[in-house]
Amino acid sequence: MSNAPLTDAQKKRLKELEPKLRHAAKYGHYDEAKRVASNIQVLLRETGHETRLMQAKNWLFQAAMESGQLETARMGFEGVRKKTNRRTRVYLEATALEAVCLLRKGELDKAKPFMAEALKRVSNISSESRRKEFQKRMVTLFEEEWIVASLRQDVCVDIDVDEVQDEAARLLQSLTADEIEENAVKEIPAEKISRMFEAYSFSRSQLPSADRLCLPSPELKANKKQAGRSLIDSVKRVLWKSLCDENSAVYKMWFEHGMMHVLDKKYLTAAIVATMMQMKLGYFALAASVAAIIMKIGIEVFCDRFEPMELMM
């Protein structure tokens with residue numbers, strides 16, 4: 001591993017390449033990520049800057065994960081972990097992202113050791129403010145991924161788009177935002193609601209006592225209103241790509257013709273239902289509640305507020 005500083009030429013080229021790789025990682029553009037990461041590898045490997053290269057690999061495998069290639073991503077993060085010093089931030093990020101891969105695969109128990117190690121190794125970040133920010137993001141990310149994974153159904157019942165749109169309109173007219181959030185969980189069995197918050201309780205228990213006191217208690221998180229809010233937030237972050245990626249049909253329709261056209265043609269509701277069915281979340285009340293909330297705040301606010309969380313800052 002080289003201790004020599006990067007040359008000016010390397011710094012200039014990395015300033016061009018790394019933002020492109022981060023963008024590809026965020027949006028799951030895996031082919032683009034592979035192309036850019038290959039250029040970075042050529043740039044860094046011959047001078048032995050392995051840690052910086054492994055950082056690029058984390059972005060590359062994040063792109064694989066976001067594109068749905070979960071086993072490729074998991075093996076990639078495992079490779080980074082093996083090649084990187086355990087005291088580095090790069091190792092911490094690879095560990096946390098491998099946990100996310102396992103959660104998305106539905107392997108919740110297998111994810112727990114990686115979650116625990118990542119939470120333990122947050123001390124790899126020397127800056128207190130950055131450490132606390134990373135820790136907060138990681139706990140939230142684990143919670144949201146766990147919630148979605150724990151609610152997936154073995155048999156997913158089809159949801160009718162017209163019925164969801166009609167119900168969302170009714171919810172908007174008759175309920176407050178808090179009541180819409182409570183409505184989201186009304187079809188979900190109590191044991192599944194309880195299961196939803198295991199990751200939060202587990203993550204919180206791994207933290208030092210001073211850090212635990214800064215977070216809400218598991219009991220507070222599990223009340224009906226908060227459960228609905230956490231569930232909707234988790235689903236909305238997964239929906240973000242379907243609605244807000246500049247290449248998505250809904251985004252193009254909204255950008256070109258405005259929100260009313262999107263609603264009139266039911267593009268928004270259809271995209272919500274299609275994504276939820278793909279996630280195996282066939283809950284009618286949840287779909288209608290999510291649609292109602294997004295209609296209420298508007299796509300522009302939604303896309304800004306629920307942009308995918310970047311763990312690697």
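Taking the range 192-214 as the range and being farther than 18 Å from ILE147 by Cα and surrounded by 13 or more Cβ atoms within 10 Å (Cβ to Cβ) as the test, the residues that pass are GLN206, LEU207, ASP211, ARG212.
Scanning the range 93-104 finds no residues that are under 19 Å from PRO208 (Cα atoms), open to solvent by 20 Å² or more (accessible area, probe 1.4 Å) and not small (Gly, Ala, Ser).
When you scan the range 215-225, how many residues do you find that are part of a helix (DSSP H, G or I) and surrounded by 16 or more Cβ atoms within 10 Å (Cβ to Cβ)? The number of residues fulfilling the criteria is 1. From the list ASP162, ASP154, the one residue that fits, being within 30 Å of GLU66 (Cα to Cα), open to solvent by 60 Å² or more (accessible area, probe 1.4 Å) and part of a helix (DSSP H, G or I), is ASP162. Filtering the range 110-151 to residues that are of a type in the set (D, E, K, R), under 22 Å from MET75 (Cβ atoms) and free of Cβ contacts under 8 Å to residues at least 12 places away in the same chain leaves only LYS110.
Screening SER127 against (1) more than 24 Å from LEU286 (Cβ to Cβ); (2) polar (S, T, N, Q); (3) open to solvent by 30 Å² or more (accessible area, probe 1.4 Å); (4) within 17 Å of the chain's Cα centre (by Cα) leaves a single unmet condition, (4). Scanning the range 1-13 finds no residues that are in a helix (DSSP H, G or I) and within 29 Å of CYS244 (Cα to Cα).
The set of residues in the range 54-85 that are touching a helix residue (DSSP H, G or I) at 6+ places or on another chain (Cβ under 6 Å), within 19 Å of PHE114 (Cβ to Cβ) and not in a helix (DSSP H, G or I) contains only THR84. Quick check: anything in the range 86-109 touching a helix residue (DSSP H, G or I) at 6+ places or on another chain (Cβ under 8 Å), in a loop (DSSP other than H, G, I, E, B), in contact (Cβ under 8 Å) with a residue 60 or more places away in the chain and under 25 Å from GLY228 (Cα atoms)? Among the residues of the range 86-109, not one is touching a helix residue (DSSP H, G or I) at 6+ places or on another chain (Cβ under 8 Å), in a loop (DSSP other than H, G, I, E, B), in contact (Cβ under 8 Å) with a residue 60 or more places away in the chain and under 25 Å from GLY228 (Cα atoms), which makes the answer no.
Within the range 17-42, residues that are within 16 Å of GLU246 (Cβ to Cβ) sit with their Cβ atoms under 6 Å from residues that are of a type in the set (Val, Ile, Thr) and modelled with pLDDT of 95 or more, at 6+ positions apart or across chains, in these pairs: LYS20/VAL36.
The lone criterion from (1) surrounded by fewer than 23 Cβ atoms within 10 Å (Cβ to Cβ); (2) of a type in the set (A, V, I, L, M, F, W, C); (3) within 18 Å of the chain's Cα centre (by Cα); (4) at pLDDT 95 or above left unmet by LEU108 is number (4). Take GLU167 and decide whether it is open to solvent by less than 80 Å² (accessible area, probe 1.4 Å), of a type in the set (Asp, Glu), in contact with a Phe, Trp or Tyr (Cβ under 8 Å, 6 or more places away or on another chain) and over 30 Å from GLU310 (Cβ atoms). Spelling it out, GLU167 is indeed open to solvent by less than 80 Å² (accessible area, probe 1.4 Å), of a type in the set (Asp, Glu), in contact with a Phe, Trp or Tyr (Cβ under 8 Å, 6 or more places away or on another chain) and over 30 Å from GLU310 (Cβ atoms). Looking only at the range 135-144, decide whether some residue is among the polar types (S, T, N, Q) and open to solvent by less than 10 Å² (accessible area, probe 1.4 Å). Looking through the range 135-144, none of the residues is among the polar types (S, T, N, Q) and open to solvent by less than 10 Å² (accessible area, probe 1.4 Å). Summed over the range 29-53, residues that are farther than 18 Å from LYS83 by Cβ and either open to solvent by less than 50 Å² (accessible area, probe 1.4 Å) or not in a helix (DSSP H, G or I) (or both) total 4. Please verify whether ARG195 is part of a helix (DSSP H, G or I), touching a Ser or Thr at 6+ places or on another chain (Cβ under 9 Å) and at negative phi, treating the condition exactly as stated. Spelling it out, ARG195 is indeed part of a helix (DSSP H, G or I), touching a Ser or Thr at 6+ places or on another chain (Cβ under 9 Å) and at negative phi. Screening the range 74-90 for residues that are under 19 Å from GLU18 (Cβ atoms) and of a type outside the set (Lys, Arg) and picking the one that is surrounded by the most Cβ atoms within 10 Å (Cβ to Cβ) gives PHE77. Going residue by residue through the range 83-101, is there one that turns out to be within 15 Å of the chain's Cα centre (by Cα) and among the basic types (Lys, Arg)? No, there is no match, as no residue in the range 83-101 is within 15 Å of the chain's Cα centre (by Cα) and among the basic types (Lys, Arg).
The values are calculated or read from the model by the stated rules, or taken from the named source; none is laboratory data. What you are looking at is a predicted structure, and each value in this text was computed from that prediction instead of being measured. Glycine also receives a Cβ, built like all others from the backbone with ideal geometry; neighbour counts cover every protein chain displayed. Ligands, DNA and RNA are excluded from the accessible area calculation, which covers all protein heavy atoms including side chains. Shrake-Rupley method; radii C 1.70, N 1.55, O 1.52, S 1.80 Å.
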